[in-house]
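The block underneath contains the structure these notes are about, expressed in structure tokens.
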Amino acid sequence: MLTVDFDRLGLHPGDRVLDLGCGAGRHAFEMYRRGADVTAFDQDADELAGVAEMFGAMAQEGQGAADGARAVEGDALHLPFADASFDRVVAAEVLEHIPNDTRAITELVRVLRPGGTIAVTVPRYWPERLCWALSDAYHEVEGGHVRIYRADGLAGQLTQAGLEVTGRDHAHALHAPYWWLKCAVGVDDDANPMVKGYHRLLVWDLMKKPALTRTAEHLLNPILGKSVVLYARKPA
């Protein structure tokens, strides 16, 4: 399930890309598949081990260059990379987990080359606010969400850090009701029949990509999209 539009990011084969807070690797794998030189970065060693294993499997299948991807463990506030190391940066659904997001954004800008582009995604304000209202357990967990962003506020932070915001998008409209439902019945109650049924729908949509749900989500994203995506450029 991809949140970032790589065409809007300007991704090209051979680009050096940082995927900050890569998690299980969903964006890193697609960028590697598209021919980018990918650094998947996270603080979770277990997740990174799985990402590295998948990179290896993809290389064996010819889906990327053997030396074109790596998994790196570290701290988003102190990135172990030189200035201007990357052509593109992706930070998808990670800033809301970082208490000092200003420092993290500063580091992202530092390692992005002049003229390079970045995509930052966070939960959209009003769907996220409803989740918080329905359930404390949704966000009051170790490593959970520490803030709710307004898109204009985040755009202001990116601008203040030295970026030019070039575009905005919304994604995953069909996922917003799923999380409201989970928050309403209990975020850990995966056995709830309504939660299970909705989850099956989302898996079916992800695997089959039927025209009905793809069209519905496209039309609903501006209103209901759970994530907001900001695209920005570092001035040359």
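The values are calculated or read from the model by the stated rules, or taken from the named source; none is laboratory data. Given the structure is predicted, the values throughout are model-derived calculations rather than measurements. Glycine gets a Cβ as well: all are built from the backbone with ideal geometry, and neighbour counts include every protein chain shown.
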Qualifying residue in region 95-114 (condition: touching a residue at least 60 places away in the same chain (Cβ under 8 Å), of a type outside the set (D, E, K, R) and farther than 17 Å from Asp19 by Cβ): yes
Within region 220-236, considering residues that are touching a helix residue (DSSP H, G or I) at 6+ places or on another chain (Cβ under 9 Å) and part of a strand (DSSP E or B), the one farthest from Asp169 (Cα to Cα): Ala232
Asp205 being acidic (Asp, Glu), over 18 Å from the mean Cα position of the chain (by Cα) and assigned to a loop (DSSP other than H, G, I, E, B): no
Set Ala133, Ala191, Ala155: member being more than 21 Å from the chain's Cα centre (by Cα), surrounded by fewer than 19 Cβ atoms within 10 Å (Cβ to Cβ) and not in a loop (DSSP other than H, G, I, E, B): Ala133
Yes/no for Val109 being of a type in the set (Val, Ile, Thr), under 30 Å from Ala52 (Cα atoms) and in a loop (DSSP other than H, G, I, E, B): no
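Rundown of residues vs (1) touching a Leu at 6+ places or on another chain (Cβ under 6 Å); (2) outside any helix (DSSP H, G or I); (3) at pLDDT below 95; (4) of a type in the set (D, E, K, R), yes/no style:
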position	(1), (2), (3), (4)
Tyr149	no, yes, no, no
Thr166	no, yes, no, no
Val187	no, yes, yes, no
Arg200	no, no, no, yes
Flag for Ala151 being touching a residue at least 40 places away in the same chain (Cβ under 8 Å), within 22 Å of Asp44 (Cβ to Cβ) and in contact with a helix residue (DSSP H, G or I) (Cβ under 8 Å, 6 or more places away or on another chain): no
Yes/no for Glu107 being more than 21 Å from Tyr149 (Cβ to Cβ) and out of contact with any Ser or Thr (no Cβ under 6 Å at 6 or more places or on another chain): no
